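In what follows, a structure is listed as C-alpha cells, so that the remarks can point back to it.
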Amino acid sequence: MYWSEHNPAESFRITDDVVDVAYAISCRCLPVDHAHALRHALQEALPWLADEESAGIHPVHGAESGNGWMRPENPDDLLYLSRRTKLTLRLPRHRLDDAGALNGRVVEIAGHRLSVGDSTVRLLSPITTIFARHVVIGAEADEQAFLAAMVKRLGDMDIHPKKALCGMEKTIATPQGGVRTRSLMLADLTVEESVRLQQCGLGPARLLGCGLFIPHKDVDEVKGAER
C-alpha cells in the first residue's frame, strides 16, 4: 500500500468530452476471462474502435457474491449474468452517434450469444476514490514495485494519489499470449485528477478493459475484495 497526506477536495466541472455508454444486454453467461473475445466481437461491429485512442471496453462484470454464491475465479468458469448487467464502453463524445450502431445487434462472445439493447450515456464520476480492475504490469516483479511504477507514471501525468492499493496478479488470455495485470485503487485524488484519469486511462490494452477507472467507495472494500 502507498499512503500519503490528505489534501482538501476542490470544485470541478465535469464535461462530456469522454463518457460511458451503458447498453442493456441479454446474455445468460460468459467465461470469466472474456476480454479478448469481447474485444474481437465489438471491433467487428464497430471497426473504428481499434483506432480510437480514448476508447475502452469495460469487462462485463456480474455480482461479487450474493445468497451464498461467490463469483468464480477460474478463467474458464462461467459467469452467470443478471438482467441488470450492462455492457459499457468508454468513448469520446464524437463517437456517440457511431456507437448507436451497436443497438439491436447480436454478437457472439466465446460461443455465447449476447443481444445488445438500448443504451444510456453517463458522465464520468466526481468521486475521488477510483478503481481499475486491470492495469497492465510492466517489468515490476512484486506489488511494491508495481505501486512505485504506477505512482511515478501518475506523477508524470500530474496526478498525485494520496493512497494506492493494488490486488493480486491476474492474466488476460489472448492469442498473442497472456497480458499480466493487477487491480489498482487510488484514493484522495482531487476531483479534477479523478476525472482526468478516468478520461485518459492508465497504460495500454483499454479494449481489453485495462486501465479503465470506475468509482469506488473506500480502501477497506477493496482490501476485502482482494482476499
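Data table
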| read-out | value |
| --- | --- |
| Amide hydrogen neighbours beyond the local backbone of residue 129, cut-off 5 Å, H modeled | 188, 216 |
| Distance between modelled label sites at residue 16 and residue 74, nm, 7 Å Cα→Cβ extension | 4.5 nm |
| Potential extension, residue 156-residue 26 segment - 0.36 nm per residue separation minus Cα distance | 42.7 nm |
| Taking only Cα atoms of the range 18-123, radius of gyration then Dmax in Å | 13.7, 43 |
| Expected-Rg normalisation [2.2 N^0.38 Å, Cα atoms] applied to the range 69-164 | 1.46 |
| Translational diffusion coefficient (Stokes-Einstein; Kirkwood radius from C-alpha pairs) of the range 97-227 at 37 °C, 0.692 mPa s, in µm²/s | 203 µm²/s |
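No lab work stands behind these numbers, since they all come straight from the coordinates. From a predicted model like this one, the values you see are computed outputs, not experimental measurements. We place every Cβ from the backbone using ideal geometry, glycine too, and count neighbours over all the protein chains shown.
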